[in-house]
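Reviewing the structure listed below.
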Amino acid sequence: MTTPDGIGVLLRTAREQAGLDRRQVADRIGCVLGEPVDPDNVKRWELEKRLPIPRWHRSIGSALGISVEDIARAVSASRAHRHQLKAAGPSVREEASSVKRRTLLAGGVATVTAVSVGALPGLAEAHDDINDALSGSDAEDISYLDAVFERNAGGYRGRPPGQVLSDIGTDLQLLRQVLKRPHTARDRTQLVRTTAGITGLVAIIQHDRGAAHEADRWFNTAARAARESGDRQMLAWVLARHAMVGLNYGAPTVAAERAVRAQRVAGRAPSAAAALASAVSARALASMGNQRTAARQAIARTEGIVEQLDPRDLADTWIGYPEQKHHVHLSQAYTLLGNTTSARREQQQALKLTTSPSVMTRALLGLDDARCMREDGHHQDATEKALAVWQGLPSGFKVGLVRARAELLRDGLQGRHHATLDEALRA
């Protein structure tokens, strides 16, 4: 039985008003997705044998002229109806099943008298019911969420942080719903690990947007999920990333403490999380000003870990520790230490390895270069370099982390150089 205000009624009504059959709707959805779509999917959604996961929402909306918000609302209503039936107890479910069986049998008998050969509608519906019971929607949802994490862990790829955060928004609604359902122990472990990853990505984006308080909240949630999953490397990665909030927004002591915790959790074996925690520790110690020796030791420790990483740890993702990212971290550490020769070497290596758009990374490296110029006493060159970086940025990137780094550079300049950069930042 479909839900009166659910997804089945919404899709069927929209399709019939448009004068389309299910195959035509599937073709339209396939054109948007760029891949073939089985018309049986449309049938299952209309009969609420399946509820379309967020991956389908935009393409369904485009095919039928329905807003994504209306689709999400209807799916939620259908899912709530399912939960109500479960909570109502077996008697209600049995009565609904009895009605359905009587309808199914009646349809099957009528068809047998009319058709001697071919597929029977009643059998096709029975097949769908059996298939639904075997696979269930939870497995699909969990698999989809795993894909969300993997896809977004690849970084911005030229997209501004605000856009990426908006894109993840619908997936977060699905994650919230799936977490409320009962699962097997194995599925729960997989789900909470994926939850740690996705919420960790949200925290990173909030950090890059300059929403430090929101980043803290999301990192704390990610850490809770990682602890529940029992995945120490995931937890170490979350803690190390969390340390970067204090590092980039004026709390280096807090950052150093968090980095130490991340290193303890990561353990002695070389890993991407261990390398990240060590690199963040080096930057935090260098930022404190009175821990220069400890910062240099942390840099050496990080170099030692990187030499032992396997290809999986070196993956170019937010959860990996690729060589390019390593040079970016060391560029900042050496810049903070005032070692401009080493900092420039790291900047050059990082830029050689930056083949993707990486708008934010290139901007941060450019501002590090400008700070090195300032450290060497070339304030005019530093100002011109910073202006070129800032003015070349798309508006969506002139926020948060990049702005904070530019303002820090500005604050170290004086006179007309300070005024020139300040005017550009205020424009």
(request) Could you tell me whether segment 241-304 comes out rounded, prolate or oblate from its Cα gyration tensor? Rule is a ≥ b ≥ c as square roots of the eigenvalues, rounded for a/c under 1.5, then prolate if a/b exceeds b/c, otherwise oblate. (result) oblate
(request) With a cut-off of 16 Å, note down the residues of segment 151-175 whose backbone N falls inside the zone around a label point 7 Å from the Cα of S62 toward its beta carbon. (result) 167
(message) Among A266, A255, A211, which one shows the highest mean-square fluctuation when the chain is modelled as a Gaussian network with alpha-carbon springs under 10 Å?
(response) A211
(message) I want to check the label-to-label distance for E140 and S166. Put each point 7 Å from Cα in the C-beta direction and report it in nm to one decimal.
(response) 2.8
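Near G246, within a Cβ-to-Cβ distance under 14 Å, what is the net charge of the other residues, with Lys and Arg +1 and Asp and Glu -1? Show your work: numbers first, answer last.
Details: positive: R241, R258, R261, R283; negative: D216, E257.
Result for the neighbourhood of G246: +2.
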(message) Assuming 0.36 nm per residue, please report the length gained on full extension of the stretch V260 to E323 beyond their Cα-Cα distance.
(response) 20.5 nm
(request) Net charge near G396: determine it from the other residues with C-beta under 15 Å of the C-beta of G396, scoring Lys and Arg +1 and Asp and Glu -1. (result) +4
(message) Test of understanding: in a Gaussian network model of the chain with alpha carbons linked when under 10 Å, which of N248, N339, N290 would top the mean-square fluctuation ranking?
(response) N290
(request) With an 8 Å cut-off on Cα pairs and a minimum separation of 6 or more residues, tell me the relative contact order of the chain in percent. (result) 10
(request) For A294 and E384, calculate 0.36 nm times their separation in residues minus their Cα-Cα distance, and state this gained length in nm to one decimal. (result) 29.1 nm
(message) Show me, bin by bin at 5 Å from 0, the whole-percent P(r) of segment 141-216 based on Cα pairs.
(response) 3, 16, 27, 23, 16, 9, 4, 1
(message) For the pair R217/D5, report the inter-label distance in nm, with labels modelled 7 Å from Cα in the Cβ direction.
(response) 2.7
(message) Could you give each residue of segment 281-295 its phi-based ³J(HN,Hα) in whole Hz, using Karplus coefficients 6.51, -1.76, 1.60 with θ = phi - 60°, and x for Gly or Pro?
(response) 4, 4, 5, 5, 5, 5, 5, 5, x, 10, 10, 5, 5, 4, 5
(message) For the pair A315/E69, report the inter-label distance in nm, with labels modelled 7 Å from Cα in the Cβ direction.
(response) 3.6
(request) Report, ordered by chain and residue number, the aspartates and glutamates lying within cross-link reach of K180, taken as a straight Cα distance under 19 Å and ignoring same-chain residues fewer than 8 apart. (result) D138, E140, D141, D146, D171, E228
(request) Mind running the shape call on segment 304-366? Use the C-alpha gyration tensor, a ≥ b ≥ c as the square roots of the eigenvalues: rounded below 1.5 for a/c, prolate if a/b tops b/c, oblate otherwise. (result) oblate
(request) Any aspartates and glutamates with Cα under 12 Å of the K352 Cα? List them, leaving off those in the same chain fewer than 8 positions away. (result) E323
(request) Please report, to two decimal places, log10 I(q)/I(0) for segment 268-394 at q = 0.16 Å⁻¹ as given by the Debye formula with identical point scatterers on the Cα atoms and no solvent. (result) -0.78
(request) Just round it to a whole percent: the fraction of Cα-Cα distances in the chain exceeding 40 Å. (result) 34
(request) Would you work out which of V328, A203, A251 lies farthest towards the positive end of the dipole of the chain? Charges go on Cβ: Lys and Arg +1, Asp and Glu -1. (result) A251
(request) Based solely on C-alpha atoms, express the radius of gyration and the Dmax of segment 1-83 in angstrom. (result) 11.5, 34
(request) Using 0.36 nm per residue of separation minus the Cα-Cα distance, give me the extension gain between D38 and D187 in nm, one decimal. (result) 50.9 nm
(request) Would you mind counting up the charge near P160? Only other residues with Cβ under 12 Å from its Cβ, with Lys and Arg at +1 and Asp and Glu at -1. (result) +2
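Quick note: the coordinates plus some simple rules give every number you see, no bench work behind them. Note that the structure is predicted; figures quoted are calculated from it, not measured. A quick note on method: Cβ atoms are made from the backbone with ideal geometry, for glycine too, and the neighbour counts reach across all protein chains shown.
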